[in-house]
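The values are calculated or read from the model by the stated rules, or taken from the named source; none is laboratory data. Bear in mind the structure is a predicted one, so any value in this text is a computation, not a measurement. We place every Cβ from the backbone using ideal geometry, glycine too, and count neighbours over all the protein chains shown.
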């Protein structure tokens with residue numbers, strides 16, 4: 001239960017960084033932290049106390065394996081989600097570099113003023 | 001006394017990089033090839049191989065790594081990996097009636113050549129992901145060079 | 001027949017990657033011609049599977065709920081028609097519009113990826129697969145909005161990117177919540193689990209509902225999540241504004257909301273009321289803010305927010321007549337908003353500006369474009385005999401007959417406001433005398449005019465043959481979306 005609560009705290013930290021910081025790179029890091037928090041939430045859903053990794057080895061009994069292994073489906077979902085997060089992050093970083101080239105500043109408030 | 005400007009990082013970083021690169025590549029290849037038996041598969045293995053090239057970029061500079069695998073070669077490798085995935089899916093559609101149908105013989109479990117077409121998918125994904133990360137990093141390195149020279153020109 | 005379903009997503013992806021390979025040799029002609037051939041082939045495949053009822057395709061041979069399943073029912077069929085027809089006409093338009101940007105290869109590659117993502121969202125029967133295709137379409141659209149790299153569009157694209165990434169994170173959170181309660185991500189399996197175990201007022205499902213409304217509402221541009229829409233839709237190149245406003249906000253926002261709340265979780269009164277309130281506020285905000293705009297495309301973007309409010313209100317009312325009105329308005333809005341954005345792109349190419357204060361008297365120098373824009377403006381304002389009149393009438397009648405008197409009054413008020421600011425647009429741009437710098441303006445090229453004329457003809461035909469359209473295309477979609485048990489039984493085979 002405390003694990004879920006700490007995970008939620010991580011999400012709120014990411015949201016705080018995204019909303020209240022003015023530097024573009026800090027906002028990007030806020031989005032990255034939020035993505036970590038959601039991926040962690042998905043993995044925590046499949047967690048089982050004193051469980052074994054869901055890898056079937058040659059001399060394992062099927063019944064005990066099903067009883068004690070952690071859930072592998074969220075792990076597959078998280079793998080895809082990490083790749084998607086990577087793509088979004090790469091696009092954000094490239095756009096931040098282009099914004100710096102164009103406006104000469106990383107401060108989000110000045111970029112808003114320039115648009116008019 | 002002014003020598004030629006050295007690209008990349010210090011001598012210590014370059015030595016450690018020389019030692020580690022081979023290990024990273026071999027371990028990445030192992031994770032990819034045994035992806036259907038042990039955890040891993042195409043994506044983590046591809047990331048490790050791309051990280052090996054990124055390490056060379058950080059330690060030695062952009063020109064050295066471009067002479068090893070150029071930007072164009074990375075882009076072509078990226079496309080070939082993606083095309084391989086889709087063509088394999090189409091072959092599955094042709095043979096089995098559903099997309100991504102497993103049409104190769106499945107073999108015995110826990111062996112290297114089992115589980116049908118998963119090993120070919122792992123290789124294709126490794127090519128795609130590795131080359132993608134590599135050319136994204138190369139593009140960002142080129143962009144950074146443009147921004148730094150613009151700042152230097154402004155200061156002069 | 002089910003073998004044709006995965007082609008809707010794989011053929012655009014295959015074409016995009018092939019274009020990247022061959023484009024290293026021929027950058028000018030191959031991307032454009034290959035994109036036109038690709039979207040044309042998708043139209044042929046759609047004609048082959050049209051009207052055949054519900055088709056299921058199990059990927060890799062794995063049965064649901066273990067494998068990913070592609071489902072085409074009558075609602076997906078309607079959305080596929082909207083997406084693919086608008087995309088085909090937009091690709092023809094961008095053949096000559098993108099000449100001033102000079103980088104065809106990357107534009108058409110990203111465009112085909114966006115098409116693949118949208119087709120995938122419409123066809124999938126699995127929650128996480130929906131998320132993956134939603135992300136493909138969204139990331140392609142983020143890159144496409146920031147395409148004019150020399151101008152200030154970068155800031156609009158960055159704002160869109162950050163807000164879109166936030167929405168996707170919340171959607172993934174909601175998917176995790178649903179998985180924690182039901183143990184499956186297949187939509188039909190989740191629906192069966194919720195019905196069998198009576199979980200309609202479970203707290204986790206309620207939280208997932210809230211997260212989904214937040215995430216998908218942001219993608220649809222409903223107030224209070226509309227902050228990205230005016231900047232992104234007005235700063236993008238004209239074909240991308242068409243795709244964003246004409247299909248993307250409908251597929252990623254409205255269709256996903258309908259699929260999740262009608263076929264999966266089940267429509268409760270909480271969700272209906274939230275959609276009614278958000279829809280009404282969207283209508284009024286879009287209509288009032290549309291008045292003070294000088295930029296033509298920004299006015300159209302606020303009008304999109306307003307019309308999305310109409311559709312959300314129709315879904316929120318929930319009676320069969322209201323849903324028929326909402327789906328018909330979705331189809332109509334795709335047609336006339338695409339027409340308006342395409343003609344704004346033609347006007348900008350010919351005159352170099354899109355500010356209402358600088359334009360004037362274009363009916364003499366650009367007769368075809370002005371005629372089509374007049375048809376578009378009359379359609380969206382709800383003037384008979386064009387198609388907008390019928391869909392707005394159906395929604396208003398449904399609101400009054402379901403007992404929502406105040407809501408009906410807001411609907412009628414918004415219709416009058418829409419008429420007012422589109423009349424202002426016509427007076428400033430088309431009628432009146434030409435301003436001094438509008439003297440030597442020529443008509444747009446043929447490949448840009450053809451889609452504009454086709455859309456205008458579709459507006460007229462949609463208004464005249466609205467009875468045929470409703471009974472053959474819209475009503476099957478409506479009857480399918482309200483029948484949750486038929487969806488579950490056709491996917492799971494029980």
Exercise. Within the range C:18-30, how many residues are within 14 Å of chain B (Cβ to nearest Cβ) and in contact (Cβ under 8 Å) with a residue 24 or more places away in the chain?
Worked result: 4
For this session: With the checklist (1) surrounded by fewer than 16 Cβ atoms within 10 Å (Cβ to Cβ); (2) within 14 Å of chain C (Cβ to nearest Cβ); (3) touching a helix residue (DSSP H, G or I) at 6+ places or on another chain (Cβ under 8 Å); (4) at pLDDT below 85 in hand, flag the one item residue B:143 doesn't pass.
Result: (1)
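For (1) away from chain A (no Cβ under 14 Å); (2) surrounded by fewer than 24 Cβ atoms within 10 Å (Cβ to Cβ); (3) in a helix (DSSP H, G or I); (4) in contact with a helix residue (DSSP H, G or I) (Cβ under 7 Å, 6 or more places away or on another chain), each residue gets a yes or a no:
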| position | (1), (2), (3), (4) |
| --- | --- |
| C:188 | yes, no, yes, yes |
| C:210 | yes, yes, yes, no |
| C:215 | no, no, yes, yes |
| C:219 | yes, no, yes, yes |
| C:224 | yes, yes, no, no |
| C:239 | yes, no, yes, yes |
| C:245 | yes, no, yes, yes |
| C:270 | yes, yes, yes, no |
For this session: Find all pairs meeting these conditions: Cβ atoms under 6 angstrom apart; at least six residues apart or on different chains; first residue within the range C:409-422 and closer than 14 Å to residue C:378 by Cβ; second residue surrounded by fewer than 20 Cβ atoms within 10 Å (Cβ to Cβ).
Result: C:421/C:291
Exercise. Does the range A:11-22 contain any residue that is surrounded by fewer than 19 Cβ atoms within 10 Å (Cβ to Cβ), more than 9 Å from every other protein chain (Cβ to nearest Cβ) and assigned to a loop (DSSP other than H, G, I, E, B)?
Worked result: yes
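Tally the residues that are free of Cβ contacts under 8 Å to residues at least 40 places away in the same chain and not in a helix (DSSP H, G or I), restricting the search to the range B:115-135. Full working, then the answer.
Quick first cut of the range B:115-135, residues free of Cβ contacts under 8 Å to residues at least 40 places away in the same chain only: B:116-117, B:120.
Then keep just the ones that are not in a helix (DSSP H, G or I); that gives B:116-117.
Counting residues in the range B:115-135 that are free of Cβ contacts under 8 Å to residues at least 40 places away in the same chain and not in a helix (DSSP H, G or I) gives 2.
Based on what the data block shows, is residue A:53 surrounded by 14 or more Cβ atoms within 10 Å (Cβ to Cβ) and farther than 25 Å from residue C:157 by Cβ? Give the steps one after another, and end with the answer.
On the way: surrounded by 14 or more Cβ atoms within 10 Å (Cβ to Cβ): no; farther than 25 Å from residue C:157 by Cβ: yes.
No.
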Exercise. Looking at the range C:64-183, what helices (runs of 4 or more DSSP H) fall wholly within it and have at least 3 residues that are within 18 Å of the chain's Cα centre (by Cα) and within 11 Å of chain A (Cβ to nearest Cβ)?
Worked result: C:127-145, C:153-182
Problem set entry | Residues satisfying the stated conditions in the range B:65-101, i.e. over 27 Å from residue C:23 (Cα atoms) and surrounded by fewer than 18 Cβ atoms within 10 Å (Cβ to Cβ) | B:94, B:95, B:96, B:97
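For the structure I just gave you, tell me whether residue C:53 is surrounded by fewer than 19 Cβ atoms within 10 Å (Cβ to Cβ), assigned to a loop (DSSP other than H, G, I, E, B) and at pLDDT below 85.
On the way: surrounded by fewer than 19 Cβ atoms within 10 Å (Cβ to Cβ): yes; assigned to a loop (DSSP other than H, G, I, E, B): yes; at pLDDT below 85: yes.
Yes.
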Exercise. Looking only at residues in the range B:40-84 that are modelled with pLDDT under 90 and under 15 Å from residue B:119 (Cβ atoms), which one is nearest to the chain's Cα centre (by Cα)?
Worked result: B:42
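Scan the range C:22-40 residue by residue and report those that are assigned to a helix (DSSP H, G or I), more than 21 Å from the chain's Cα centre (by Cα) and surrounded by 16 or more Cβ atoms within 10 Å (Cβ to Cβ).
Step one: of the range C:22-40, the residues assigned to a helix (DSSP H, G or I) are C:22, C:30-40.
Next, from what is left, pick out any that are more than 21 Å from the chain's Cα centre (by Cα): C:22, C:30-34, C:37.
Within the range C:22-40, C:30, C:31, C:32, C:34 meet the criteria.
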Exercise. So is residue B:59 crowded, with 17+ Cβ neighbours inside 10 Å, touching a helix residue (DSSP H, G or I) at 6+ places or on another chain (Cβ under 7 Å), more than 14 Å from chain C (Cβ to nearest Cβ) and assigned to a helix (DSSP H, G or I) or not?
Worked result: yes
Exercise. Among the residues of the range B:66-102, which ones are at the interface with another protein chain (Cβ under 10 Å from one of its Cβ atoms) and not in a helix (DSSP H, G or I)?
Worked result: B:97, B:98, B:99, B:100, B:101, B:102
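Every residue, every condition in (1) more than 8 Å from chain C (Cβ to nearest Cβ); (2) touching a helix residue (DSSP H, G or I) at 6+ places or on another chain (Cβ under 6 Å), yes or no:
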position	(1), (2)
A:76	yes, no
A:79	yes, no
A:83	yes, no
A:87	no, yes
A:92	no, yes
A:97	yes, yes
A:105	yes, no
A:109	yes, no
For this session: Note down all Cβ pairs under 9 Å where the first residue falls in the range C:319-334 and is on the phi > 0 side of the Ramachandran plot, the second is at pLDDT 90 or above and surrounded by fewer than 23 Cβ atoms within 10 Å (Cβ to Cβ), and they're at least six residues apart or on different chains.
Result: none
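Would it be correct to say that residue C:44 is free of Cβ contacts under 8 Å to residues at least 60 places away in the same chain and either in contact with a helix residue (DSSP H, G or I) (Cβ under 6 Å, 6 or more places away or on another chain) or crowded, with 23+ Cβ neighbours inside 10 Å (or both)?
On the way: free of Cβ contacts under 8 Å to residues at least 60 places away in the same chain: yes; either in contact with a helix residue (DSSP H, G or I) (Cβ under 6 Å, 6 or more places away or on another chain) or crowded, with 23+ Cβ neighbours inside 10 Å (or both): no.
Against the criterion (free of Cβ contacts under 8 Å to residues at least 60 places away in the same chain and either in contact with a helix residue (DSSP H, G or I) (Cβ under 6 Å, 6 or more places away or on another chain) or crowded, with 23+ Cβ neighbours inside 10 Å (or both)), residue C:44 does not qualify.
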